[in-house]
Each structure stands twice: as C-alpha cells, then as structure tokens.
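Right, one structure below, let's go through it.
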Amino acid sequence: MSEAIKTDVLIIGAGPCGLFAVFELGLLDIKAHLIDILDKVGGQCAELYPEKPIYDIPGVPMVTGHGLTEQLMEQIKPFSPTFHLGEMVEKVEKIGDPGFRVTTDAGKVFECKVVVIAAGGGSFQPKRPPVPGIEAYEGTSVFYAVRKMEQFRDKHVVIVGGGDSALDWTLNLHPLAKRITLVHRRDDFRAAPHSVEQMRALVASGKMDLRIGQVTALEGSNGQLSAATIKGNDNAVETVPCEMMLPFFGLTMKLGPVAEWGIALEHNLVPVETSAFETSVPGIFAIGDINTYPGKIKLILCGFHEGALMAQKAHRYVYPEKRLVFQYTTSSSSLQKKLGVN
Ligand code: FAD
C-alpha cells in the first residue's frame, strides 16, 4: 500500500458540483483533493455535452458544457485543488471520528476528515444498439457522444434515436455535415417539440433525410464505416452510404463501488438530510446528481447550493475549535484575499 495522501476533504467526482464544492470549501480554508474515473474534469458537461448550450446557470444566460467547466476551473484556481484523474474510488473506510481512508483502483490511498461524494450517476456508459459487429467501429466511426463537431464536417452522418440528443445533434451537425440521415424506429419523437419541428422542416425542404426503421447491419473495414443497412417499418431494406454513425440509445448509469461504502442507499441514490447534505454516515456528504431528498431536482444549480451548505458543516469537522463567521465575497476583505483579488 502506498503512503497515504493527507487532505482535509476528499471529493469523489470532478463534475460541476464537485468542482464548485472546491470553491465553497476554499473560502473556509478547507483544502480538497478530487478523484475522477474520467481522464478530464467536468463530469457529464465535459463527457456528454461539451458543445451543447446550457441556459439555466444563474447569471449566465448561455454557456456550453465545456465553457462551464473552464469557468469553474478558473473560479477554483485560487484554492489549488489537486486532481487525480483516470482513477476510480473503490473503498471508503472509517478510521476516526471524524476520519476516513479512501482507496482508488490505482492503489492510491487518502486520509481525510471529510468525504464528499459528488459522483453524479456513478460511472455512466452509453447503451449500445443491437447492431451486429458495431464494436469494431466504435471510436473510429461510431461515437456515442460528440466531442469535436469538426470531426463531422463534410461527412455523411447517420444519427440513430428519437430523443433530445439525437434531435439536437441532427440540428447542430446539419450545417457542417455533408448529409444527415436520422433513423428512428417510429415516426414519433421524445425530443423537444421545437427541435422536432425544425428537423421536419429540413426533411420537407430536402436538406436531410429521415428514415423510420432500424439499422440492422454495418459495412466498412478497419473500423471505417462505409454504409449502414436500414430496415424500414414497411420491411423495405435500404443501404445508406455513411462515414459516421451516432447512436443515441440513452445511458446506463452504473452506480459502481458507492454501493459498498457502508452508506444507506435508496434506488441507487444516496439519501441526505437537507441542512448540510450529509449522508447516514457523519462526515460523509453527497451533493449533485448522486443524492436524493424530498423535492430533489437534478440540476447543476441545485448541486451548487448543496455544495455551499455542505462546506459550512464540513468546517465543523475540519476545524472543530474554530467558530465560523458568515461573510460575503462582495464585502469581506479576508475572502477577497483568499481569492487573490485584494
Ligand atoms: P456528474 O456531472 O455526473 O459528475 C460526476 C463525476 O463523478 C463523473 O465525472 C464520474 O466519472 C465521477 N465518478 C463517479 N463515480 C466515481 C468513482 N467511484 N470514483 C471516481 N469518480 C467517480 N443540468 C442543468 O442544470 N442544465 C442543463 O441544461 C443540463 N443539460 C443537460 C444535458 C444533457 C445531455 C445531460 C446528460 C445532462 C444535463 N444536465 C443539465 C444535468 C447536469 O449535467 C447534471 O445535473 C450535472 O452534471 C451533475 O453534476 P455532478 O457533479 O453531480 O455529476
């Protein structure tokens, strides 16, 4: 076992809520390390919708998933958090009161006074459509998320699905792709009505194709797709030339090792009380999508609020002898000093 890394707080998950928690903790002089399975920070924002716009961050009329992640990283810079990316937290053990030992799958060991679980939906994985041999094309010409829109420029792209992701990417990629073919198993979409209208208008004006049916086979070599076979609901079979395919069949959220950390769970979520978002184990908090309580909404802004209240209670565990005085960043010169703006 490697020598333990000591920190005040260990945050499991570097999604938006884990990142903002660093800020709230930092204002209270609490140092944090963050661990994430992904090789980058930003959680769902970075992995699932980096280029999609978010419209409901307070005071920010529009920001992309990537943009929000960048802004959060800028905001927490004064607190110099340490990131451990590409590692999964496997074990959380109680070693003191308060005190925890946390171990990752890379064998790294942490000792901390407080654990903050900001693990979102756990490790999320896209559902693979039932197309024989699709694995051979994954990562080369079949993708389950759009990381870089440029990759799709001048390509014939087949998008499969009928939800928001399928419709949003149909509309977003349409201006730069050579041709888009949207395939859905029925002529009824679960996406936002406005997106469906826009897509239907593009089809009506001959600017893209819509096929009602299923992709049943793929053609290509060395991972490079050249065509997809589509079986229509009328049983007609058509071969559509294409270079890229984007199936959007939803995500499987796998809770992963959280289930083994001795915390009470409810439908694969971590129940918390709502004054500090603490779990059934004192000193272990859960914020963001991973937690549940009456009225919970899985929105980033809710996770930010949860992080602020969590930090107030974490202060009691980290500095039991210190009284916490509430201060505004606007008017407190001591907070401004910590932020490096005064
Ligand atoms: P996540 O972003 O899920 O991050 C959790 C992180 O924890 C992940 O990076 C994961 O790898 C890591 N992790 C999990 N288990 C472990 C482990 N054992 N060890 C190490 N790391 C672990 N919300 C809005 O407010 N507005 C929107 O407009 C909006 N649009 C969205 C659009 C889409 C397409 C999607 C999918 C979601 C959208 N959301 C939106 C929801 C928003 O993204 C989530 O509420 C938010 O990402 C939750 O943040 P989080 O930090 O709790 O979790």
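None of the figures in this text is laboratory data; all of them are computed from the coordinates on show. Quick caveat: nothing in here was measured; it's all calculated off a predicted structure. Virtual Cβ from ideal backbone geometry, glycine too; neighbours counted across all protein chains shown.
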Separation of alpha-carbon centers, the stretch 73-149 and the stretch 272-342, rounded to whole Å | 21 Å
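Taking only DSSP H segments of four or more residues, each worth -39500 (n - 2.57), what value at 222 nm results for the chain once the sum is divided by all its residues, to the nearest 500 deg cm²/dmol? Intermediate results must be reported in sequence, preceding the final value.
On the way: 7 runs with 76 residues, N = 342.
Here the helix-only value at 222 nm equals -6500 deg cm²/dmol.
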The chain: most fluctuating residue of VAL183, VAL203, VAL115 per GNM, C-alpha cutoff 10 Å = VAL203
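Place a +1 charge on the Cβ of each Lys and Arg in the stretch 210-329 and a -1 charge on the Cβ of each Asp and Glu, then give the dipole magnitude about the Cα centre in debye, rounded to the nearest 20. Display every interim value, and only then the final one.
On the way: 9 positive and 11 negative charges, 94 e Å.
Here the stretch 210-329 has a charge dipole of around 460 debye.
So, R0 is 35 Å and r is the distance between the beta-carbons of ARG153 and GLU260; what FRET efficiency does that work out to, to 0.05? Each step should come with its number before you reach the end.
Numbers: r = 45 Å, r/R0 = 1.28.
After rounding to 0.05, the efficiency reads 0.20.
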Helix 16-27 versus the longest principal axis of the chain: what is the Cα-based angle in degrees, 0 to 90, to the nearest 10?
-> 20 degrees
Furthest towards positive pole of dipole, HIS66, SER334, ILE95, structure part the chain, Cβ charges | SER334
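Mind pulling up the Rg/Rh value for the chain? Radius of gyration and Kirkwood radius, both on Cα. Please report the intermediate quantities before stating the final value.
On the way: Rg = 23.0 Å, Rh = 22.0 Å.
For the chain, the value is 1.04.
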